[in-house]
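The values are calculated or read from the model by the stated rules, or taken from the named source; none is laboratory data. These numbers were taken from a predicted model, which means no experiment stands behind them. Quick reminder, even Gly has a Cβ in these numbers, built from the backbone with ideal geometry, and neighbours come from all protein chains shown. All accessible areas refer to the heavy atoms of the entire protein, side chains included, with ligands and DNA or RNA removed. Shrake-Rupley method; radii C 1.70, N 1.55, O 1.52, S 1.80 Å.
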Amino acid sequence: MIVIENVFNEQQLLQVRQWLQHATWDNGLVTAGQQARGVKKNQQVTAGSKVSNTVEDLLLDVLARHPAFISAALPLKIVTPMINRYLVGETYGLHVDNAIRVPLNSTTRIRTDLSATLFLTDPANYDGGELEIKEQFGSQKLKLNAGDLVLYPSTSLHQVTPVTRGERISVVFWIQSMVRDNEQRSMLYDLDQSVQSLTGTLGHEAKEVMQLSGLYHNLIRKWSDT
């Protein structure tokens, strides 16, 4: 699980909130699979609407230029993002995300290696609504600042706890990574962070930097599905 701060800056958050004032919200069950129908109670911006497409274009443009996201996810394909809203009493109970998703207006099947939640609401503006992710050594509850994003394996059991005050809005999406194995992808992320840190200290042409960078790219070459 990796938290990436400030994926959206304040100006981008303000723009998205202005767009959402003109959004049409559907019952979240319209995109719920068989497993989710009994535990999903939320709303989402109409898929394929002007508001949904505009937010999606902004997000994908930001992610394509965001080095921390690229390093952590090694993205190959991204499923059409969905904008979700939880009002008081709404929740999404424990579930595991579908292994395969089909983007809107497409027949392409995308394997979900990573799930992502980008928080749009300031945590002071709502109570409850934590993203709880069950892990091998326990569970973690997350309530991130607006503009922050969390990446976690799509194999994880997780839920959004009931909102008890205010409203919680976020963007959720899924990624098929070039490296499907979570452990391998985690090691590559740690290695890339080390390369970046050494580069800042020693420079691009340092022997240690070139050796580690070569190892990083050779491991991607060995482990990637592309």
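Go through the range 115-124 and give me each residue that's open to solvent by 10 Å² or more (accessible area, probe 1.4 Å) and either free of Cβ contacts under 8 Å to residues at least 40 places away in the same chain or in a strand (DSSP E or B) (or both).
Answer for the range 115-124, where residues must be open to solvent by 10 Å² or more (accessible area, probe 1.4 Å) and either free of Cβ contacts under 8 Å to residues at least 40 places away in the same chain or in a strand (DSSP E or B) (or both): D122, P123, A124.
Which residues, counting only those in the range 65-79, are under 20 Å from D225 (Cβ atoms) and open to solvent by 30 Å² or more (accessible area, probe 1.4 Å)? Quick ask: steps written out before the conclusion?
If we filter the range 65-79 for residues that are under 20 Å from D225 (Cβ atoms), which is where we start, we get 69-79.
Of everything in the range 65-79, those that are under 20 Å from D225 (Cβ atoms) and open to solvent by 30 Å² or more (accessible area, probe 1.4 Å) turn out to be I70, P75, L76, K77, I78.
Within the range 40-62, which residues are open to solvent by less than 40 Å² (accessible area, probe 1.4 Å) and hydrophobic (A, V, I, L, M, F, W, C)?
V45, V51, V55, L58, L59, V62
Just give me the residues in the range 24-39 being loosely packed, with under 14 Cβ neighbours inside 10 Å and small (G, A, S), in sequence order.
Listed by number, the residues that qualify are G33, G38.
In this structure, is F173 aromatic (F, W, Y), open to solvent by less than 20 Å² (accessible area, probe 1.4 Å), under 19 Å from I70 (Cβ atoms) and under 15 Å from the mean Cα position of the chain (by Cα)? Let's see the steps before the verdict.
Numbers: aromatic (F, W, Y): yes; open to solvent by less than 20 Å² (accessible area, probe 1.4 Å): yes; under 19 Å from I70 (Cβ atoms): yes; under 15 Å from the mean Cα position of the chain (by Cα): yes.
Spelling it out, F173 is indeed aromatic (F, W, Y), open to solvent by less than 20 Å² (accessible area, probe 1.4 Å), under 19 Å from I70 (Cβ atoms) and under 15 Å from the mean Cα position of the chain (by Cα).
For the range 209-226, give me each residue that is among the small types (G, A, S) and touching a residue at least 24 places away in the same chain (Cβ under 8 Å). Give the derivation first.
Quick first cut of the range 209-226, residues among the small types (G, A, S) only: 213-214, 224.
Matches in the range 209-226: S224 only.
Pick from the range 1-55 the residues that are in contact (Cβ under 8 Å) with a residue 60 or more places away in the chain and of a type in the set (D, E, K, R): which of them is nearest to I100 (Cα to Cα)?
Of the range 1-55, the ones in contact (Cβ under 8 Å) with a residue 60 or more places away in the chain are 1-10, 12-13, 16-17, 20, 23, 25, 28, 33, 35, 39, 42, 55.
Those still in the list that are of a type in the set (D, E, K, R) too: 5, 10, 17.
Numbers: E5: 28, E10: 33, R17: 30 Å.
Top of the filtered list is E5.
Show the residue pairs meeting these rules: Cβ distance below 8 Å; 6+ apart or different chains; first residue within the range 91-114 and more than 22 Å from L74 (Cα to Cα) and free of Cβ contacts under 8 Å to residues at least 60 places away in the same chain; second residue part of a loop (DSSP other than H, G, I, E, B) and β-branched (V, I, T).
Taking only residues 6 or more apart or on different chains, the pairs are L104/T80.
Only one of (1) farther than 30 Å from Q21 by Cβ; (2) open to solvent by 90 Å² or more (accessible area, probe 1.4 Å) is not met by T164, so which one is it?
(1)
In the range 176-222, which residue that is farther than 19 Å from T112 by Cα and among the basic types (K, R) is least open to solvent (accessible area, probe 1.4 Å)?
Only one residue fits best here, namely K207.
Filter the range 5-23 down to residues that are out of contact with any Asp or Glu (no Cβ under 7 Å at 6 or more places or on another chain), open to solvent by less than 100 Å² (accessible area, probe 1.4 Å) and outside any helix (DSSP H, G or I) and give me whichever is farthest from A146 (Cα to Cα).
A23
Residues in the range 125-155 that are open to solvent by less than 70 Å² (accessible area, probe 1.4 Å) and either closer than 26 Å to D181 by Cα or of a type in the set (A, V, I, L, M) (or both): how many?
Step one: filter the range 125-155 for residues open to solvent by less than 70 Å² (accessible area, probe 1.4 Å), giving 126-133, 138-139, 142-144, 146-154.
So of that shortlist, the ones also either closer than 26 Å to D181 by Cα or of a type in the set (A, V, I, L, M) (or both) come out as 131-133, 138-139, 142, 144, 146, 148-154.
Residues flagged as open to solvent by less than 70 Å² (accessible area, probe 1.4 Å) and either closer than 26 Å to D181 by Cα or of a type in the set (A, V, I, L, M) (or both) within the range 125-155 amount to 15.
Taking into account only those residues within the range 100-114 that are surrounded by 13 or more Cβ atoms within 10 Å (Cβ to Cβ) and not charged (D, E, K, R), which is nearest to R185 (Cα to Cα)? Even if it seems obvious, please write down each step before you answer.
Just the residues of the range 100-114 that are surrounded by 13 or more Cβ atoms within 10 Å (Cβ to Cβ), to begin with: 101-104, 110-114.
Right, trim to not charged (D, E, K, R) and you get 102-104, 110, 112, 114.
Details: V102: 23, P103: 24, L104: 27, I110: 18, T112: 14, L114: 11 Å.
Taking the candidates together, the pick is L114.
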